[in-house]
């Protein structure tokens, strides 16, 4: 297996979208984006809404998210005014819009004061689905208040995602994010008492100072608190892209197979604790909605992770947020000043976009079915047209033990799950058409 790791330990996209963002064609402008949205609304006017809150009170050295460090809470209130104005731009163009789900991400969404969060939700909630709304938020256990949770509960939120990363103090100090176990335990207990039904923990493997023993202890403590889902991500060390990661000592980070062993250690203990591996990087409790969707081959995926349900349209609000539907993608301005200027002038704060070709759509469907349900349909591959090179790659994956061939389909093996990003590369007609550099993290 060591040779397989060496062969496939390459830099590759995560394929939360296809094509990956560096390959977007920028043939889409705001007028075209609204045309695509209206076309999609002809069959379904429900959307998944994502709101990005970029502010954090303190810098975590491992972080690769779009974030702004500040302790000035007035900035949060000013930013919410912009979010409300941006949402109004969409409502003006799409008055029949219905919000099936809302996900707050960051940054740190609970950077917003409870009253500011309440104001924002009061402006958006009239468009919530009356019967099937789902609300989720990423929170920092160190700074969340009971009042935050009470506001969210008032608007029907049932899902929380807690940024844990690791419970070991030495690891926490090495990434500048110290949060005691008892603090997290209190947040979990308070959330359950307020009626939150789904709690997710974000864990990271490959962090500085981690060992197999520290990973085992983190999984033990995680299991004690019993989150419903676990995101178990690989740490992407890209100091050339994220300058603050230079604060992490290279000598403290495991690489290659030694790093992957951390994942395998966690995987064994998670499964022993009653969790089932879901797609790539995720775990869920046995017979949970995510697990049932996987068993029925109905699992979906978006920019926020795996889900049993997914609206055909995603609308992202806030700096750097991404929107998508079957016809294309668009991303908002990353820089706050540019984002603010566009919104205050009544313009969609669009920085870049992509208009899907027929091949893009077919290849995306293949890749997402692989990432979610571990299957590649032979008939879907045939639709691509010239596919001799793809078939050769699939046979190579089969020889390497990553895929097995069944009637009308290819299925990822247990070993192949570790290399889904590499298998997906076989269907990527863009990669690596531009200089790869440090755009992507290691696939293993």
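The values are calculated or read from the model by the stated rules, or taken from the named source; none is laboratory data. Everything numeric in this text was worked out from a predicted model, so none of it was measured. Heads up, the Cβs are rebuilt from the backbone with ideal geometry, glycines too, and the neighbour counts pull from every protein chain shown.
Overview of results
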{"read-out": "Residue count, the stretch 317-347 (criterion: under 30 Å from residue 365 (Cα atoms) and in contact with a strand residue (DSSP E or B) (Cβ under 8 Å, 6 or more places away or on another chain))", "value": "17"}
{"read-out": "Total residues in the stretch 383-412, condition in contact with a strand residue (DSSP E or B) (Cβ under 6 Å, 6 or more places away or on another chain) and modelled with pLDDT under 95", "value": "0"}
{"read-out": "Residues (in contact (Cβ under 8 Å) with a residue 40 or more places away in the chain and in a helix (DSSP H, G or I)) located in the stretch 120-135", "value": "120, 124"}
{"read-out": "Filter result for residue 198 (under 19 Å from the mean Cα position of the chain (by Cα) and surrounded by fewer than 21 Cβ atoms within 10 Å (Cβ to Cβ))", "value": "yes"}
{"read-out": "Test: residue 141 is surrounded by fewer than 22 Cβ atoms within 10 Å (Cβ to Cβ), closer than 23 Å to residue 60 by Cβ, in contact (Cβ under 8 Å) with a residue 12 or more places away in the chain and under 22 Å from the mean Cα position of the chain (by Cα)", "value": "yes"}
{"read-out": "Residue count for the stretch 156-173, restricted to those that are touching a helix residue (DSSP H, G or I) at 6+ places or on another chain (Cβ under 9 Å) and either loosely packed, with under 15 Cβ neighbours inside 10 Å or in a helix (DSSP H, G or I) (or both)", "value": "2"}
{"read-out": "Test: residue in the stretch 74-87 that is out of contact with any helix residue (DSSP H, G or I) (no Cβ under 6 Å at 6 or more places or on another chain), over 20 Å from residue 196 (Cα atoms), surrounded by fewer than 17 Cβ atoms within 10 Å (Cβ to Cβ) and touching a residue at least 24 places away in the same chain (Cβ under 8 Å)", "value": "no"}
{"read-out": "Unique match (being part of a loop (DSSP other than H, G, I, E, B), surrounded by fewer than 20 Cβ atoms within 10 Å (Cβ to Cβ) and out of contact with any helix residue (DSSP H, G or I) (no Cβ under 7 Å at 6 or more places or on another chain)) among 176, 186", "value": "176"}
{"read-out": "Boolean, residue 58 is touching a residue at least 40 places away in the same chain (Cβ under 8 Å), in the same structural domain as residue 121 (by TED's automatic domain parsing) and either at positive phi or surrounded by fewer than 17 Cβ atoms within 10 Å (Cβ to Cβ) (or both)", "value": "yes"}
{"read-out": "Residue within the stretch 104-116 that is under 29 Å from residue 306 (Cβ atoms) and over 24 Å from the mean Cα position of the chain (by Cα) present", "value": "no"}
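Yes/no matrix, rows are residues, columns are (1) assigned to a helix (DSSP H, G or I); (2) without any contact (Cβ under 8 Å) to a residue 40 or more places away in the chain; (3) over 24 Å from residue 160 (Cβ atoms):
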site: 207; (1), (2), (3): no, no, no
site: 213; (1), (2), (3): yes, yes, yes
site: 218; (1), (2), (3): yes, no, no
site: 223; (1), (2), (3): yes, no, no
site: 241; (1), (2), (3): no, no, yes
site: 244; (1), (2), (3): yes, no, yes
